[in-house]
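Have a look at the structure below before the remarks.
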Amino acid sequence: VSLWENHFNDPGNNFTHMIVFSGSLDAMGNQYAADGGAEWMLFRTQVNQHVKDGFSATMGRRLVSWGDMEAQYPIQNYYVVQVENSAAFKTAYEKYQSSALRKGWMNMYGSFTTGVGPDGGSHWVITGHKNFKSAMGGSDAVFTDAEKKARDKAWNTFRETNGGVKLIRSGTRVMLGMW
């Protein structure tokens, strides 16, 4: 369980915080089981005291990730996208991300299975950073000129071959805690 502040965001992302549950299918299933345990019930009771209105929930799964997934990335840029051709997107995105690996960074993407809003959004992308400098500077701050040129070429190829993608939402979230 992690708690995030919704820090930089577009006007449609008018919530203040995110609570994110992640884990194995068994762990997630047990958490939501009829007998999720006293800790789960206490957690829900405590959280519900702070939720006013305008909340939503989605469910999905991570499909692929790059970078050190064991490290902490307390600053994350997130994107909700509507993908027209999932197979083409998967191939193009994996090729793009694999062409420009960065140190001190992680990227992952996945799909939503339920809880998508009226604006759509079939997939999500998260890029994690260890600090705000990295998040604000992006790959331009760490790549050489030659690496930037190669990245730009790979990005153009991704845009031409991704099967049709529309940005729905984006923002930057800051981790406040993890349990």
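A simple rule links phi to the HN-Hα coupling: the Karplus curve 6.51 cos²θ - 1.76 cosθ + 1.60 with θ = phi - 60°, which for segment 165-179 gives 9, 10, 6, 9, 9, 7, x, 10, 10, 10, 6, 9, x, 9, 10 Hz, with x for Gly and Pro. In loop segments of segment 20-87 as defined by DSSP, the trypsin sites (Lys or Arg not before Pro) with at most 12 further C-beta atoms inside 10 Å of their C-beta are 52. Counting neighbouring beta carbons within 10 Å and listing from fewest to most, the residues 179, 4, 155 come out as 179, 155, 4. Running a GNM on the chain with Cα contacts under 10 Å, which residue among 165, 116, 20 ends up with the highest mean-square fluctuation? Ranking 165, 116, 20 by mean-square fluctuation puts 20 first. In terms of other Cβ atoms within 10 Å, 148, 103 run from fewest to most in the order 103, 148.
Working note: Cα gyration tensor of segment 1-94, eigenvalues times five, square-rooted, sorted largest first, giving semi-axes of 27, 20, 14 Å. Taken one residue at a time, the phi angles of segment 56-62 give Karplus couplings (6.51, -1.76, 1.60, θ = phi - 60°) of 8, 9, 10, 9, x, 8, 7 Hz. Gly and Pro are set to x. Distance between the pseudo-spin-label points of residue 160 and residue 179 (7 Å out from Cα toward the beta carbon): 5.1 nm.
Note on the chain: Cα-only Rg and Dmax are 17.5, 56 Å.
Every number here is computed from the coordinates shown, using simple stated rules; none is lab data. All of these numbers come straight from a predicted model, not from anything done at the bench. So basically every Cβ, Gly included, is an ideal-geometry build from the backbone, and we count neighbours across all protein chains shown.
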